[in-house]
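Each remark here refers to the structure printed beneath this line.
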């Protein structure tokens, strides 16, 4: 399928739970003029803890670079997990690969969107990094438990997509409050800067919705949900659930 632009975030290459193979399949199925990688593409935090890098993760990098060589405009936005790139931005690699902390995007419908990973608007990540890292350990543990539950369900042929980590995210009050606050802060920033919308990642919760007058678009992740946002040539944004 050919679309104007693709927006993806939180692939977390370098972790054992990254759905790298599915992401490669997605890039084969969807062609675009622009590819926006909205942060946390490579997980530097996880790599520091334990180096994990299967061939499929190299294949993702090679696929992205191949797209850039063939004319796709690739825009990489840095996130907190790939913050090791931030001392070098803005950085232009070749003709079609640009790395920055943020981008501005002009849509087919004439609207202008602000693109950011989102961690700059997360007070915990910015002021209490130790707590953010601790939370990252906790998230890895929930993913580990998810994996064990999935294997048990396969043995007993239970057809259910229930996820412990998603349940915690959607039902634990502190988590729900954090996500709601995060979304409102980003929407308010976009409004203050006179943007029509905002595209982000960071919280692994894919969504397209209106917050006041602002179009809020979150790409989700390629750890659990395997989601992306695309802009069609008709100027419509769509949430793709590839998982």
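Bear in mind that the values in this text are calculations on the coordinates, not laboratory data. It should be emphasised that the depicted structure is a prediction, and the values quoted were computed from it without experimental measurement. No Cβ is skipped: glycine too gets one built from the backbone with ideal geometry, and neighbour counts run over all protein chains shown.
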Cα-projected label distance for residue 95 with residue 62, points at 7 Å along beta-carbon direction, nm
2.3 nm
Highest mean first, how do 189-202, 104-117, 8-21 rank when packing is the count of other Cβ atoms within 10 Å averaged over residues?
8-21, 189-202, 104-117
At a 10 angstrom cut-off on C-beta neighbours, averaged per residue, how do the peptides 220-232, 76-88 rank from highest to lowest?
220-232, 76-88
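Return the FRET efficiency for the residue pair residue 25, residue 188: r is the Cβ-Cβ distance, R0 is 41 Å, and the value is rounded to the nearest 0.05. Intermediate values should be presented prior to the final figure.
Values: r = 37 Å, r/R0 = 0.90.
The pair residue 25/residue 188 has a calculated efficiency of 0.65.
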